[in-house]
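The values are calculated or read from the model by the stated rules, or taken from the named source; none is laboratory data. Predicted model only: the values in this text are computed from it and were never measured. So basically every Cβ, Gly included, is an ideal-geometry build from the backbone, and we count neighbours across all protein chains shown. For the accessible areas, the whole protein counts, side chains as well, though only heavy atoms, and no ligand, DNA or RNA atoms are used. Shrake-Rupley method; radii C 1.70, N 1.55, O 1.52, S 1.80 Å.
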Amino acid sequence: MKALKYFLSALFISVLVWSCEDEEFGSTDFVDGITAPTNLSAAVRVTQDNTGLVTITPVATGAASYTIDFGDNSTVASVTTGNSAVHTYAEGTYTAIVTAKSLNGVTTAITQEVVVSFKTPENLVVTIENDPAISKKVNLSAAADYATSFEVYFGVSADEIPVEFNVEETVSYQYQEAGTYTIRLVAMSAALETVEYVEEFVVTAILQPLTAAPTPSKAQSDVLSVFSDVYVNPDPIDYNPNWGQSTTFTEIAVDGDNIIQYGDLTYQGIDFNTAAINASGMEFIHVDVWTADDNFEAKISPISSGPNEAAYDLELNSNQWTSFDIPISYFTTANPAMDFADIIQFKLDGVASGEGSIFIDNLYFYKSSSANTNSIFPITFESSFTLDQFDGGGTSVIANPDTNGNTSSSVLELVKGAGQPWAGSKVTLPTTFDFSSNTIITAKVWSPRAGLNLLMKFEDAELWPNTTATAEIIATTTVANQWETLTFDFAVIDQAIDFYNLVLIMDNGTEGDGSSNYTIYVDDISSSPMLDFEPEYTLDQFDGGETSMVSNPDMNGNASTSVLQLIKGAGQPWAGSKITMPSIVDFSLGSTITVKVWSPRAGLNLLMKFEDAVAWPDTAATAEITETTTLANQWETLTFDFAGVDMSIDFNNIVLIMDNGTEGDGSSNYTIYVDDIDQN
């Protein structure tokens, strides 16, 4: 590819008119939001029969059609997406122009050299290298006089399908295992005869990080460090106490940053040598972990006097730093006996599938920043309780769908899907339920039908089958499609048991189907403490968007228990979500907004803007900033720069739209999760 350029072809839009009522309907900006196709390339294949027959296959992201100027003064060819153009050249070197066009006529063009030579390739030079940053990845390029394309076999199997590539391109392959492989390359021209190259190449694994862990930015006053170059670490402390383990301990430096290596990890301790840490004022534990092992099963456990401990599973991504921010409430819920005012040790456990080393950095406790007290950030979607479901149940906090009879802005949605007949939902508190003053529990319930049976019970924190539970009390709805109050009598409850969990099952014994007939809403449960499901922020949606607070579906890379779920359903192409905050955004504290996003695909565009409280069409809004995901099925942090924002306007709404300009379908492909919206 010699050049890349963008231009607009002539486009005529006669009239585009619609009426609209929502704040998002005011313009046709979404049409302008369809950008030029990207990632345009063209595969060139010359038939090896001395005929000069060439096949050109274009591919691009966002293209609806293509044109190909073959560069020999012949007729320009039109190609639809997924197809190829075939052309017969005379012997020579040509510059073809490949143009990709989007739906609204915006185009991207590249030039592609086409060499048609009836001579056998000569002076073949092949370059094979281990990737300097990615373990067991090999990069290969080749050049030869008269060559038009290459095929390479990476030596992984006898029936291997070769990888084809053009002149001046580099191809890569990531092996499953390090070792010596026979790599064979075939250089081709338009002639019948080819030239081959064979090399026994040693593929290497990267067994330690090549870059330092991300540098923490929290203030020392908000941190209690265990190990980090950025903060003051405890003294005394022992990072390798003699617990009879076989794990080895080494301290290494990467980019000037000290890192702990625990080799052949089975279990390993960190001991504060009788000088316990008081972390009762902290909210999270942070740690950065790196491993070369593809399937390392690791756990971290803080330990308080007793000893009392609870383990957290570290779901690691190999060959990269994985950062964890684990709520302390996770450990106290798992083991209520833990006392974070008296932390004496940490423990690491591991089961390796191959290379058994892990590297640890920036292990510390922290709390929300004491600086910037006027800022409403971060927005975390954490609540005083944890939502969960089991065996086909679905549980989330959503905007109240019916405020007639219940004016709450948010309620608990329970869905019983196909699964077990006992599928249901669970609400877990960090402290126990208190039945000392009242054993009668009431709950507001909205049911699609009269006669629906709702089972309620309370359970302790023990894992099944050792769980202790109250009696199962059932109340039956008497009205359909409206709110009513149901009463559950726990008169014989054993108050000596510490109950942390509230369990709800609709129509126990009957399998659900996930439809509206098995969807209910619950609110204002009169337990002590009372559960009203009101978040700090008001959630809303428009024109086909759906917004709800749900249990974090993937805690690898984000340890929050609750996150925001956004779904783009069939509706308008600008369908989206809105978060209304209790106070205005103070952009004087920072105009950069970061967001953790989990997307089902790389290349998803997420639009963010801020709006004031004035109703449309008089709404004032910031610029619409769009960022694009680079990862699929994992958490990453996107950064939105609102430099130049008008600070005289009182913005208290955040608007989020995925793939603006494209209609969603409500599937997993249009479902994302958002968390930890922060200001920098």
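Averaging the sequence gap over all C-alpha pairs within less than 8 Å and six or more residues apart, then dividing by the number of residues, gives region 177-217 a relative contact order of 41 percent. Carbon-plus-sulfur accessible fraction, region 451-566 (probe radius 1.4 Å, protein heavy atoms only): 44%. When only Cα pairs below 8 angstrom with a gap of at least 6 residues are kept, the chain shows a relative contact order of 9 percent.
Within the straight-line cut-off of under 16 Å between alpha carbons, the lysines reachable from Lys101 are Lys5, sequence neighbours fewer than 8 places apart in one chain being disregarded. Pairwise Cα separations in region 628-679 fall into 5 Å bins from 0 onward with the following percentages, short to long: 4, 11, 22, 24, 18, 12, 7, 3. Comparing Cα centroids, region 540-605 and region 623-664 end up 9 angstrom apart. Rolling a 1.4 Å probe over the protein heavy atoms of region 622-679, with every protein chain left in place, gives an accessible area that is 41 percent carbon and sulfur.
With all protein chains in place and ligands, DNA and RNA left out, the 1.4 Å accessible area ranks Val230, Val152 as Val230, Val152, largest first. Across region 547-559, rounded Karplus estimates of 3J(HN,Hα) from the backbone phi angles (6.51 cos²θ - 1.76 cosθ + 1.60, θ = phi - 60°) give 9, 7, 9, 10, 5, 4, x, 8, 8, 7, x, 7, 8 Hz, Gly and Pro being marked x.
Taking the Cα centre of the chain as reference, the dipole from Cβ charges on Lys and Arg (+1) and Asp and Glu (-1) amounts to some 920 debye.
Among residues other than Asp388 with Cβ under 13 Å from its Cβ, the summed charge is -1 (Lys and Arg +1, Asp and Glu -1). The heavy atoms of Tyr518 present about 30 square angstrom of accessible area, all protein chains included, probe 1.4 Å.
When the listed pairs Lys299/Lys416; Lys299/Lys367; Lys568/Lys596 are checked against a 24 Å cut-off, the alpha-carbon distance exceeds it for Lys299/Lys416.
Near Ala275: Cβ cut-off under 14 Å, other residues only, Lys/Arg at +1 and Asp/Glu at -1. The net charge is -4.
If you take the square roots of the eigenvalues of the alpha-carbon gyration tensor of region 462-610 and sort them as a ≥ b ≥ c, do you get rounded (a/c under 1.5), prolate (a/b over b/c) or oblate? Prolate, because a/c is 1.5 or more and a/b exceeds b/c. For the peptides 624-631, 38-45, 273-280, the ranking by mean Cβ contacts within 10 Å, running from highest to lowest, is 38-45, 624-631, 273-280.
Using only the C-alpha atoms, the convex hull of the chain corresponds to 208 Å³ per residue. Legend: calculated FRET efficiency, Leu207 to Met647, from the Cβ-Cβ distance at R0 = 51 Å, rounded to 0.05, equals 0.55.
Among 577-589, 487-499, sorting by the average number of other beta carbon atoms lying within 10 angstrom of each residue, highest first, gives 577-589, 487-499.
Rg/Rh for region 182-281 (Cα atoms only, Rh after Kirkwood) is 1.32. Near Phe499, once Lys and Arg are set to +1 and Asp and Glu to -1 for all other residues with Cβ below 13 Å from its Cβ, the sum equals -4. Measuring between their Cα centroids, region 102-137 and region 280-331 lie 43 Å from each other.
Trp635 contributes an accessible area of around 20 Å² to the protein surface, as traced by a 1.4 Å probe with all chains present.
Surface exposure of the chain, expressed per residue as accessible area with a 1.4 Å probe, stands at 45 Å².
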